[in-house]
Amino acid sequence: MEKIIKEKISSLLSKEEEVLSVEQLGGMTNQNYLVKTTSKPYIVKFFGKGTEKLINRQDEKYNLELLKDLDLDVNNYLFDIESGIKVNEYIESAVTLDSTSIKSKFKKIAPILQTIHASGKELRGEFAPFEEIRKYESLIEGAIPYANYEAVRKEVFSLEKRLADLGIDKKSCHIDLVPENFIESPQGRMYLIDWEYSSMNDPMWDLAALFLESKFTNQEEEDFLTYYEGDKTPVSREKIRIYKILQDTIWSLWTVYKEAQGADFGDYGINRYQRAVEGLTYYGG
């Protein structure tokens, strides 16, 4: 792998620069490596197996360029779709947030989400949750291995009309707000990374993702919204509730597809599916 990485990033290196070490990092979608050279470190990402069916890399590349002036992400040095590789800036000694530490960072995270949601940027791609469900269903070979899936699916799709009645805003969104996508530099600057799923969507989707992925309590959600909610960033708590159900449904199906490609996420998929079922009880499911 070290030889492959050297070849892939050779265009970034000067003649005097050498690769000193290659260390594999975690990641659910891509294969990520920390590559240290004699001049600077890089994060090298190889697009994960099967992700070409899930992520439009042309749109991702366009969106990264469009969003660059917002200065929310680390620098991107190389984005080679044909080679299936992306090379990003590595922030030395940065702290990756988790579901505990993120809850002390509301003052830093809320302005980042306000910036993207109120930016007026017209990203390529539109994240349509019900179409995403259909997409993953079409990618999964064989039966979907969740109890009473067809009945649950019917209840999930009944939410489509309620969302339409509430009105769906179309703003630039990150889509994938797991806590690990926030990193903080030693100087205290917060970055939001990994914009692979970025597209036009309702900002309430992003809030639902933030709350779900970091297991916010109801009170923590309300505390966060005191920093986020404003004239340019209004909040619909009912839409957040609906989007939580849709996210758990989508990512439970995502898990089935990814595990068919050889990944193993343990009980991640079934837990998300069961939480979606529980969420439906609010709507009489």
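A few comments on the model shown:
- Of the helices (runs of 4 or more DSSP H) contained entirely in the range 154-268, those carrying at least 2 residues that are closer than 24 Å to GLU60 by Cβ, among the polar types (S, T, N, Q) and touching a Pro at 6+ places or on another chain (Cβ under 9 Å) fall at 237-260.
- The range 33-60: number of residues that are under 16 Å from the mean Cα position of the chain (by Cα) and closer than 27 Å to GLU17 by Cα: 2
- Here is the figure for the range 66-122: residues that are out of contact with any strand residue (DSSP E or B) (no Cβ under 7 Å at 6 or more places or on another chain), of a type in the set (D, E, K, R) and assigned to a helix (DSSP H, G or I) total 4.
- Every condition in (1) part of a helix (DSSP H, G or I); (2) touching a strand residue (DSSP E or B) at 6+ places or on another chain (Cβ under 6 Å) holds for TYR33 except the one numbered (1).
- The set of residues from the range 118-135 being touching a residue at least 40 places away in the same chain (Cβ under 8 Å), of a type in the set (Asp, Glu) and surrounded by fewer than 16 Cβ atoms within 10 Å (Cβ to Cβ) comprises GLU122, GLU126.
- Test: residue in the range 125-137 that is assigned to a loop (DSSP other than H, G, I, E, B) and among the hydrophobic types (A, V, I, L, M, F, W, C): yes
- Residue that is of a type in the set (Asp, Glu) and touching a residue at least 40 places away in the same chain (Cβ under 8 Å), where the choices are ASP206, ASP231: ASP206
- Filtered by the rule that a residue be at pLDDT 75 or above, hydrophobic (A, V, I, L, M, F, W, C) and either on the phi > 0 side of the Ramachandran plot or under 29 Å from the mean Cα position of the chain (by Cα) (or both), the range 5-28 gives ILE5, ILE9, LEU12, VAL22, LEU25.
- Filtered by the rule that a residue be in contact with a helix residue (DSSP H, G or I) (Cβ under 8 Å, 6 or more places away or on another chain), under 11 Å from PRO179 (Cα atoms) and surrounded by fewer than 17 Cβ atoms within 10 Å (Cβ to Cβ), the range 96-117 gives THR96, ASP98, SER99, SER101.
Each row is one residue, and each column tells you yes or no for (1) hydroxyl-bearing (Ser, Thr, Tyr); (2) under 16 Å from LEU97 (Cβ atoms); (3) assigned by TED's automatic domain parsing to the domain that holds ILE240; (4) touching a helix residue (DSSP H, G or I) at 6+ places or on another chain (Cβ under 8 Å).
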site: ILE183; (1), (2), (3), (4): no, yes, yes, no
site: GLN187; (1), (2), (3), (4): no, yes, yes, no
site: ILE193; (1), (2), (3), (4): no, yes, yes, yes
site: TRP205; (1), (2), (3), (4): no, no, yes, yes
site: ALA209; (1), (2), (3), (4): no, yes, yes, yes
site: ASN218; (1), (2), (3), (4): no, no, yes, no
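- Residue check, LYS103 touching a residue at least 12 places away in the same chain (Cβ under 8 Å), among the basic types (Lys, Arg) and assigned by TED's automatic domain parsing to the domain that holds TRP205: yes
- Residue in the range 85-93 that is surrounded by fewer than 16 Cβ atoms within 10 Å (Cβ to Cβ), touching a residue at least 60 places away in the same chain (Cβ under 8 Å) and either in the same structural domain as LEU192 (by TED's automatic domain parsing) or under 17 Å from GLU180 (Cα atoms) (or both) present: yes
The values are calculated or read from the model by the stated rules, or taken from the named source; none is laboratory data. All figures in this text were calculated on a predicted structure; none of them were measured in a lab. Positions of Cβ are backbone-derived with ideal geometry, glycine not excepted, and every protein chain shown enters the neighbour counts.
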